[in-house]
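Novice: Here it is: the structure, laid out below.
The values are calculated or read from the model by the stated rules, or taken from the named source; none is laboratory data. Bear in mind that the values here come from a model prediction, so they are computed numbers and not experimental data. All Cβ positions, even for glycine, are placed from backbone atoms using ideal geometry, and neighbour counts span all protein chains on display.
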Amino acid sequence: MDWSVLDPKGPVGAQELHVLVTALGLMMVVAVPVIVLTLWFAWRYRASSQTARFAPDWDSSSLIALVCVAVPVVIVACLATLAWKGSHELDPYRPLHVEVDGRSVKPIEVQVMALDWKWLFVYPELGVASVNELAMPVGVPVHFSITASSVMNAFFIPRLGGMIYAMPRMQTQLSLLASEQGTYDGLSANYSGAGFSDMKFAARALSGPAFDAWIESARRSEARLDATTLTGLLAPGIQPVAKQYSAMDGDVFHAVLTAEAQQRLGATHLATADPVCTTRGN
């Protein structure tokens, strides 16, 4: 059994776990007594009992009525407050602020494209890209801009938290931070066709020097993300191994977002879809 969601490695995942556990605890305030009392009443008032008092004229109890109304009202109010507060604190569009020695740490920009059936990551400020492998330095916020080439997917790294949809001709955003080094599973959490089960990627949380080495390794790659390469990636198929690209020709994210690249592949039906928009997600 995979307990990834219950073993967060970042502040967003930790906050989500806190909301989950708190909500579960509040619901147990009702569930546990109901289960216990159900079993106790079944035993106490069994047919063979000689001690239970028989009260056929019993009508009602103001105390029982008050408890039955007051407890659910209080719990619903607590859950509503928790949901409202959590929704704002865990807004995927809300940037993460990290300070070191009194200075704010600048987030790393990563553009995410859900393709059929692979993940393409572009680091526009660093000039490199990768397929099915995401690298990030520990303790540094990462701001993701997310879209999809054809059908809807969901970008999700369970140990870091924050699942959000990737949709064609739309752009969503997400901010995450890894607090511990490690390699975490990334996946699509929304069924998207035949290759969905293999649409996974490795999210590598690296130390500062290790991340710099990963970027340098990508820059030394002989592969280049040009129009021909992008067209091949857009074609349905599974990418069996991770791959790095040393450079990109033009704005790859914009080409996928506006369906320009898909038109070159022959997916002209996307060109007649609704205009590009920015949307929010969960």
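Novice: Considering each of 69, 76, 110 in turn, give the residue that is in the same structural domain as residue 198 (by TED's automatic domain parsing) and either free of Cβ contacts under 8 Å to residues at least 40 places away in the same chain or part of a helix (DSSP H, G or I) (or both).
Specialist: None of the others qualify; the one that does is 110.
Novice: Take residue 33 and decide whether it is surrounded by 11 or more Cβ atoms within 10 Å (Cβ to Cβ) and not in a helix (DSSP H, G or I). Full working, then the answer.
Specialist: On the way: surrounded by 11 or more Cβ atoms within 10 Å (Cβ to Cβ): yes; not in a helix (DSSP H, G or I): no.
The answer is no for residue 33.
One line per residue, one yes/no per condition, for (1) over 20 Å from residue 171 (Cα atoms); (2) crowded, with 21+ Cβ neighbours inside 10 Å; (3) not acidic (Asp, Glu); (4) not assigned by TED's automatic domain parsing to the domain that holds residue 241:
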site: 80; (1), (2), (3), (4): yes, no, yes, yes
site: 85; (1), (2), (3), (4): yes, no, yes, yes
site: 106; (1), (2), (3), (4): yes, no, yes, no
site: 114; (1), (2), (3), (4): no, yes, yes, no
site: 125; (1), (2), (3), (4): no, no, no, no
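Novice: Scan the range 131-151 for residues that are within 14 Å of the chain's Cα centre (by Cα) and either assigned by TED's automatic domain parsing to the domain that holds residue 18 or part of a loop (DSSP other than H, G, I, E, B) (or both) and report the count.
Specialist: 0
Novice: Hey, residue 227 hits all of (1) crowded, with 19+ Cβ neighbours inside 10 Å; (2) hydrophobic (A, V, I, L, M, F, W, C); (3) in contact with an Asp or Glu (Cβ under 9 Å, 6 or more places away or on another chain) but one; which does it fall short on?
Specialist: Going through the list (1) crowded, with 19+ Cβ neighbours inside 10 Å; (2) hydrophobic (A, V, I, L, M, F, W, C); (3) in contact with an Asp or Glu (Cβ under 9 Å, 6 or more places away or on another chain), residue 227 breaks only (1).
Novice: Starting from residues that are aliphatic (A, V, I, L, M) and at pLDDT 90 or above, keep the ones in the range 3-22 and report whichever is surrounded by the fewest Cβ atoms within 10 Å (Cβ to Cβ). Don't jump to the end; show me each part of the working.
Specialist: Pass one, the range 3-22, residues aliphatic (A, V, I, L, M): 5-6, 12, 14, 17, 19-21.
So of that shortlist, the ones also at pLDDT 90 or above come out as 12, 14, 17, 19-21.
Values: 12: 24, 14: 13, 17: 15, 19: 16, 20: 13, 21: 11.
Restricting to residues being aliphatic (A, V, I, L, M) and at pLDDT 90 or above, the top hit is 21.
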